[in-house]
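Heads up: the structure comes next, in structure tokens.
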Amino acid sequence: GRPGCECNRCFGGPDCSLRTPNCTADATSGNPLFLEPYWKRHAAASAVLVSGWHRLSYSTTDGIYQSVELENHIRRLHRAVGNAVVDGMHLVFGGGSTQLINALVYALSPDAVVDDNASSPPAPVVATAPYYPPYRTQTQMFDGREYRWNGTTAALANASSSGDSSDGFIEFVTSPNNPDGMLHKAVLRGSAVVADHAYYWPHFTHISAPADEDVMLFTMSKPSGHAGSRFGWALIRDETVAKRAYEYVQGSIMGASRDTQLRMLGIVKVMLANLHAGKEDIFAFGYDVMRSRWRRLSAAVSRSRRISLQKIPPQYCTYFNRVREPSPAYAWVRCEREEDDDCYKVLLKAKIISRSGTGYEASSRYTRVSLLKSDDDFEVLMERVTDLVDAENYED
Ligand code: PMP
């Protein structure tokens, strides 16, 4: 087999090139392996060697836990891509942006020590369905005095639009959204917003203008694909909020892994060095892959009356300086037939494992299909989708 690799479940033979017939397509996770070929092409430039004696300390020699060099490179990346305002913003690193979800809820909620214990109610935390489930699960894990998970914005949004302020609320706004790729703004008035921009990179969406919210969440998992390194960052305008988020990460894991920070610096350097360098630009590469996947999936699904996909218009992108086609990270599949009210099950019967809409507090008529995985994974997915659509057309 391939040295050092295992074959994907759907492939066998000495070089993993033989397709296992009728193999089930696993399209559940957002594992960003679509970028693996890019890093294979830039293997030497992006490699980081760390000797055994190196980086034993908890902190750098100056007693800090965040690499200033990495901070500067992340700021440079945002400026070059034009996807977030970084001037006047504090940067807080975390073990994946997953850790920062709770760090930010903690940082934005009332301070139990400062506030009068009896009178300050827990900050209600909300999101608009369909939303990324860890906002609920992370918050519920720490549900307590200072904050509690408060469900979706649906009921609150009406009150808010008729003038009520949602002061004291913490609202997660994911843009582009996971699962459906839609661009969102806050729906409540007066809420503290955490703008999760995990997918606000040119692989997945057009960049219309630099994002400029007070609290923004980013991760390396989606732009570079290094999900396993567990590295995310928050851009925070307010110094006190930034300090509390930083303290949360300190208290939780004593700061993001120094090894990871070192590796991320190497990765961001390669990304920066190749921007606008034809197909060696990671965003040009990523966009190309994701667009072609979306085109192929859309073409197959357009022959179906049983399933449909979300509609995304082409849009002008300031990074590419032209109108770009849609290239979302996930397909948000809807089952159209009356009897197909569990879309996850419909796909499972067709040998496609997806994630049911119910986890996103959406209808079970919807299910999420990941388009981020490897080329092999996507080929198997396309086979199963094609089978599903063909079977339906034979029926007619
Ligand atoms: N936010 C959103 C919207 C995501 O989809 C993900 C990953 N699927 C994350 C945050 C967390 O990413 P990580 O912990 O790998 O940084």
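Find which of Y200, Q138, V92 sits farthest along the positive direction of the dipole of the stretch 68-273, computed with +1 on the beta-carbon of Lys and Arg, -1 on that of Asp and Glu, about the Cα centre.
The one lying farthest along the dipole's positive direction is Y200.
Please report the antiparallel percentage of the DSSP beta bridges confined to the chain, to the nearest 5. Kindly include the intermediate steps, with their values, before the conclusion.
Numbers: 25 of 43 bridges.
Beta bridges within the chain, antiparallel portion: roughly 60 percent.
Applying the Karplus parametrisation 6.51 cos²θ - 1.76 cosθ + 1.60 with θ = phi - 60° to the phi angles of the stretch 67-83, what ³J(HN,Hα) value in whole Hz is obtained for each residue in order, glycine and proline being reported as x?
5, 5, 4, 5, 3, 4, 6, 5, 4, 4, 5, 4, 5, 5, 7, x, 9
In debye, nearest 20, what is the charge dipole magnitude of the stretch 68-273 about its Cα centre with +1 on Lys and Arg Cβ and -1 on Asp and Glu Cβ, if you could check? Please report the intermediate quantities before stating the final value.
On the way: 16 positive and 20 negative charges, 155 e Å.
That gives the stretch 68-273 a dipole magnitude of about 740 debye.
Over what distance in Å are the Cα centres of the stretch 145-183 and the stretch 265-293 separated?
Spelled out, the Cα-based centre of one part sits 34 Å from the other.
Size of the dipole of the stretch 9-147 about the Cα centre, Lys and Arg at +1 and Asp and Glu at -1 on the beta carbon, nothing else charged, in debye to 20?
Using only the charged Cβ atoms, the result is roughly 720 debye.
Say the dipole of the stretch 68-273 comes from +1 at the beta carbon of Lys and Arg and -1 at that of Asp and Glu; which of S224, V105, Q250 then lies farthest toward its positive end?
So the residue we want is S224.
Looking at the chain as a GNM with Cα springs under 10 Å, which of A195, A44, A245 has the largest mean-square fluctuation?
Of A195, A44, A245, the most mobile in the Gaussian network model is A44.
When Lys and Arg each count +1 and Asp and Glu each count -1, what net charge do the other residues less than 13 Å away from N274, Cβ to Cβ, add up to?
Numbers: positive: R41, K269, K279; negative: E280, D281.
So the environment of N274 carries a net charge of +1.
So for the stretch 68-273, what percent of the C-alpha to C-alpha distances run longer than 31 Å?
On the way: 3383 of 21115 pairs.
That tail contains 16 percent of the Cα-Cα pairs.
With θ taken as phi - 60° and the coefficients 6.51, -1.76 and 1.60, list the Karplus ³J(HN,Hα) couplings across the stretch 130-140 in order, rounded to whole Hz; mark glycine and proline as x.
x, 10, 5, x, x, 4, 6, 5, 5, 5, 5
When T139, T98, T61, T20 are ordered from fewest to most other Cβ atoms inside 10 Å of their Cβ, what list results?
Values: T139 25, T98 17, T61 6, T20 14.
Going from sparsest to densest Cβ surroundings: T61, T20, T98, T139.
Please quote Rg/Rh for the stretch 155-219 to two decimal places, taking the Kirkwood radius as Rh and restricting both calculations to Cα atoms.
On the way: Rg = 12.7 Å, Rh = 12.6 Å.
Across the stretch 155-219, the Cα-based Rg/Rh ratio is 1.01.
Quick one: which residues, 5 or more positions from R189 or on another chain, have an amide H under 5 Å from its amide H? H modelled 1.01 Å from N in the peptide plane, none for Pro or chain starts.
Amide H neighbours of R189: S166.
Using modelled backbone amide H atoms (1.01 Å from N, in-plane), which distant-in-sequence or interchain residues come within less than 5 Å of R324's amide H?
Here the answer is Q315, Y316, C317, since their amide H atoms fall under 5 Å of that of R324.
Using the number of other C-beta atoms within 10 angstrom as an exposure proxy, rank M271, M220 with the fewest first.
Working: M271 23, M220 26.
Listing M271, M220 from fewest to most nearby Cβ atoms yields M271, M220.
Would you mind checking the pairs K40/K349; K311/K345; K185/K349; K185/K345 and listing those with alpha carbons more than 26 angstrom apart? Kindly include the intermediate steps, with their values, before the conclusion.
Numbers: K40/K349 35 Å; K311/K345 23 Å; K185/K349 36 Å; K185/K345 32 Å.
Violating the 26 Å Cα-Cα cut-off are K40/K349; K185/K349; K185/K345.
As an exercise, take the mean of 1/r over every pair of distinct alpha carbons in the chain, invert it, and state the Kirkwood radius in angstroms.
Numbers: mean 1/r = 0.0445 Å⁻¹.
22.5 Å is the Kirkwood radius here.
What's the exposure ranking of S46, S29, going from fewest to most Cβ atoms within 10 Å? Don't skip to the end; give the middle numbers.
Working: S46 19, S29 14.
Fewest-to-most Cβ neighbours within 10 Å comes out as S29, S46.
Could you compute the FRET efficiency for K345 and A273, with r as their C-beta to C-beta distance and R0 at 41 Å, rounded to 0.05? Please list the in-between numbers first.
Details: r = 47 Å, r/R0 = 1.15.
E between K345 and A273, to the nearest 0.05, is 0.30.
Quick one: 3J(HN,Hα) in Hz for the stretch 248-255, Karplus 6.51/-1.76/1.60 with θ = phi - 60°, rounded, Gly and Pro as x.
Listing the rounded values in order: 4, 5, 4, x, 7, 9, 6, x Hz.
Among A27, F172, V289, which residue has its Cα furthest toward the positive end of the charge dipole of the chain, with +1 on Lys/Arg Cβ and -1 on Asp/Glu Cβ?
Checking the options against the dipole of the chain, the answer is V289.
Per DSSP H run of n ≥ 4, the term is -39500 (n - 2.57); total these for the chain, divide by its residue number, and report the mean residue ellipticity at 222 nm rounded to 500 deg cm²/dmol.
On the way: 11 runs with 132 residues, N = 396.
Result for the chain, helices only: -10500 deg cm²/dmol.
With +1 on each Lys and Arg Cβ and -1 on each Asp and Glu Cβ, how big is the dipole of the chain about its Cα centre, in debye rounded to the nearest 20? All intermediate terms of the calculation are to be shown ahead of the outcome.
Details: 43 positive and 46 negative charges, 206 e Å.
With only Lys, Arg, Asp and Glu charged at Cβ, the dipole is about 1000 debye.
Taking H placed 1.01 Å from N in the peptide plane, check which residues at least 5 places from T153 or on another chain put their amide H under 5 Å from its amide H.
A127, T128, A129
Computed from the coordinates by the stated procedures, all read-outs in this text should not be read as laboratory data. Values in this document were obtained by computation on a predicted structure and should not be read as measured data. Every residue, glycine as well, gets a Cβ built from its backbone with ideal geometry; the counts of neighbours run over all protein chains shown.
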